[in-house]
Amino acid sequence: MKRWTQRLLAMILAVSGLIGCKQRLFITEPDLEHYKMMGAGLSAPQNLDTSIAATAQPGTWNWPPPLTVDNTNRQIRYLSLPEAISIALESGTTGSQSLQFPGVVNENLPNATSDAIRVFALDPAVAGSQIEAALARFDVLWASSVSWSKQDEATVNTFATNGDNASFNTGLYKALPAGGVIGITFSTDYQKFDLNTTNANFIRFNTSYKPRLKLSFEQPLLQGYGVELNQLSSVHSGSAGIVSINQASGLANRVQPSGEGRQGILVARVRYDQSKAEFERNLNFMLLNVEYAYWNLYAAYGSLFARDKAVVEAYDLWKTIENRTKAGLALPPDQWRVRAQFEAFRAQRYQSLGDVLEKERQLRGLLGIPDDATRLVPIDKPSRAPYQPNWQEGIADALTNRPELVLSRQDLKLRQFDILVNKNLLKPDLRLFANYDVNGIGERLDGSETFTTVDQFGQPVTNPHNALASFTNNKFNNWQFGLRFDVPLGFRDAHAAMRISRLNLLRSYASLQKNELKVISQLQNQYSRMVEHYRTMNAQYAQFEAAREQYKILKNRQDLQDLPSTLEAMLTAQRTMADAKSSEYKAEADYNSTLAGWQAAKGTIMQYDSVNVANGALPECAQIRATDHFRERTKALVLRERAENETGAAGILAIEQDPLSEVLPLPRESPKSVPEMMRGVPRPNVPAVPQNLDPRFAPQPQDSSAAGRLPQPPWTGNGVVPAGGPVYTPSGALYPGNR
């Protein structure tokens, strides 16, 4: 029993080694309960994973009517840029995926996914679970089976073996890091022969139990050998020969872990890094789009402010010229010339107001804010300070931090892994296998170890009675070891796979180089546009100031004898002021947007906007408290920097009030069809050309003192309408108002 004790102790130590560490090193499903909490944050039903009806029903949305240029009277919601970024991190979308056209929400409807940041945030979690699935190949597998059968064949001779059969198998199996497999299997076979159909002379036991303990080991020596290789390969090297462990038990196919998307451990880690880089790429675009959309909304309000001021100035000038015309001090065409520009400014104001509504809609789409019956008004002031970045540091940051380049380098690493895996296929498959078992036999699993019977000659015969006692005596054992060698002649498949891997490696490397050049080109564009917008911003301001001074001088002139030329100069100054002021706001917004674009081109926009990415789920309380913090800070800025009676953002008129709503436009004629338009086009008076004469030599009309001249107006050039001249009465109701 001493030898058996030693072997039992060795078996216990082996089983302990197979089981592995004393504590669990993996994550179970209850550990991921916070993902269900994330579903609750999305207002998803609790039975989303089990109820088909939960996904078949459309959502319920209670939306107010959209804003129009005739209906902008809504409660103002002041919004700072940090608060906008905070909201976008919770419920925003990535928007445009281009540095050339940022600030636009992506309104395409995908097939099944979305560009919401909450959707992309789950992708690294999925890739992280793939690492767990890849590591599962080295987990110990406990496999068991029980079967019963009965054989009752029609007998032809006395050698038939009819009866009952049963089998029980259980084993522990573990894949080793170097590619081998080790296993311990315990099995018990039960047989009960039918003595009516079986020759009893050939049966030692009518009922028998055969316990067996088997130790198995298999290790590849060439192909499939090595820790690094088995961390790269999608299938463990020892799985090919694991059938030799316990082929009769039917457990071989259950040893290798199964699952969709199985991949090597190192490959799964790189895929996880790629998923994180892809999430950061989407996050960078979201931040860039939010910055652009915020400043675009600021520029739209600035353009609306400029058009408001222009339409008021045009109205005042029109009323002045109208009064002068009635007094006979101005010509009627001058009045309508001013009225035309006034109506043009009114149309431009409506366009600017519509642009405000559109830019707000784009910002809401990027932030994920539904229409909540409010009007978003940005309160942050743009920066006008010059910024001179370091070009060489910018290139170094871009080549290091851009997520697109990180993805390309990781793809290159995967191609290198493919070459290592395919090099392994060029080796022959040589495996060492060995197994050793201990077995016994008996009629029962309990009772005495042996029993004595008398044979046909009257001699006593000792037979094993307790199968487990016979098993523990280690009297019967089998062992086997050997080598198995498999080699394909020519290795055609392996060489083809190796060639494909090398071509993929070169293609990935070429793609990385081209992507680096594209990143540098994008950086050059942002660098140049930053200087351009800064200079344009200052030039537009200087143009506006000059036009304003010109308009002041012309407006305050007392000598109006040369009114037509003075009036045209005033109208030109009005247009210049309106366009320059609108362009100044646009240039300020473009300059601040390009500052963010420079950071995005470098891959440092998250640091620029103070955004960090960490593993794990962010608690709901932290999200809510962060957004509330920015919201309270925004309210504090409004109370401190805005007057109590001000209903709009700083320097912006209230857009819900048309400054000239009482001045109705002129009545319009009914629209014309295209043939009616064409019939109204005047035809030139060209003399007919004889058929036999070349048109190049046709006679041309001679210019005379009266030919080719416009008809003279019925008034003189002294600015006074003569007696009997035409009287111009404006059509439509005009309400001048008091300004």
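Selection of the range 100-112 for residues being surrounded by fewer than 20 Cβ atoms within 10 Å (Cβ to Cβ) and in contact with a Phe, Trp or Tyr (Cβ under 9 Å, 6 or more places away or on another chain) yields only Val104.
Identify all residues within the range 344-394 that are acidic (Asp, Glu) and open to solvent by 40 Å² or more (accessible area, probe 1.4 Å); write none if there are none.
Asp355, Glu358, Asp372, Glu393
Mind checking which residues of the range 128-150 are touching a residue at least 24 places away in the same chain (Cβ under 8 Å) and among the small types (Gly, Ala, Ser)? Of everything in the range 128-150, those that are touching a residue at least 24 places away in the same chain (Cβ under 8 Å) and among the small types (Gly, Ala, Ser) turn out to be Gly128, Ala133, Ala134, Ala136, Ala143, Ser144, Ser145.
Within the range 112-120, the presence of at least one residue that is under 18 Å from Pro403 (Cβ atoms), touching a residue at least 24 places away in the same chain (Cβ under 8 Å) and among the charged types (D, E, K, R) is confirmed. Can we say Glu278 is closer than 30 Å to Trp598 by Cα, surrounded by 18 or more Cβ atoms within 10 Å (Cβ to Cβ) and either among the charged types (D, E, K, R) or at pLDDT below 90 (or both)? When the stated conditions are applied, Glu278 passes them.
Pairing residues of the range 374-388 that are farther than 19 Å from Glu291 by Cβ with residues that are in a loop (DSSP other than H, G, I, E, B), at Cβ distances under 9 Å and at least 6 apart in sequence or on separate chains, gives Thr374/Arg74; Arg375/Leu67; Arg375/Thr72; Arg375/Asn73; Arg375/Arg74; Arg375/Ile655; Arg375/Glu656.
Of the residues making up the range 481-490, at least one is open to solvent by 60 Å² or more (accessible area, probe 1.4 Å), out of contact with any helix residue (DSSP H, G or I) (no Cβ under 8 Å at 6 or more places or on another chain), modelled with pLDDT of 80 or more and within 30 Å of Phe186 (Cβ to Cβ).
Scanning the range 159-177 for residues that are hydrophobic (A, V, I, L, M, F, W, C) and either modelled with pLDDT under 90 or open to solvent by 50 Å² or more (accessible area, probe 1.4 Å) (or both) turns up Phe159, Ala160, Phe168, Leu172, Ala175, Leu176.
Summed over the range 68-99, the residues that are touching a residue at least 60 places away in the same chain (Cβ under 8 Å), open to solvent by 40 Å² or more (accessible area, probe 1.4 Å) and assigned to a loop (DSSP other than H, G, I, E, B) give a count of 3. Within the range 187-202, none of the residues are more than 19 Å from Asn463 (Cβ to Cβ), open to solvent by less than 10 Å² (accessible area, probe 1.4 Å) and either out of contact with any strand residue (DSSP E or B) (no Cβ under 6 Å at 6 or more places or on another chain) or at pLDDT below 90 (or both). Residues that are open to solvent by less than 10 Å² (accessible area, probe 1.4 Å) and among the hydroxyl-bearing types (Ser, Thr, Tyr) within the range 577-612 comprise Tyr591, Ser593, Thr594, listed in sequence order.
Leu618 passes every criterion in (1) at pLDDT below 85; (2) surrounded by 15 or more Cβ atoms within 10 Å (Cβ to Cβ) apart from (2).
Is the range 523-545 home to any residue that is of a type outside the set (Ser, Thr, Tyr), in a helix (DSSP H, G or I), free of Cβ contacts under 8 Å to residues at least 24 places away in the same chain and loosely packed, with under 11 Cβ neighbours inside 10 Å? Within the range 523-545 (the criterion being of a type outside the set (Ser, Thr, Tyr), in a helix (DSSP H, G or I), free of Cβ contacts under 8 Å to residues at least 24 places away in the same chain and loosely packed, with under 11 Cβ neighbours inside 10 Å), the answer is no, since none of the residues qualifies. So is Ile500 part of a helix (DSSP H, G or I) and within 21 Å of Gly394 (Cβ to Cβ) or not? No: the conditions fail for Ile500.
The values are calculated or read from the model by the stated rules, or taken from the named source; none is laboratory data. Predicted, not measured: the structure shown is a model, and the values here were computed from it. Methodologically, a virtual Cβ is constructed for each residue, glycine included, from the backbone with ideal geometry; neighbour enumeration extends over all protein chains shown. Only protein heavy atoms, including side chains, enter the accessible area calculation; ligands, DNA and RNA are left aside. Shrake-Rupley method; radii C 1.70, N 1.55, O 1.52, S 1.80 Å.
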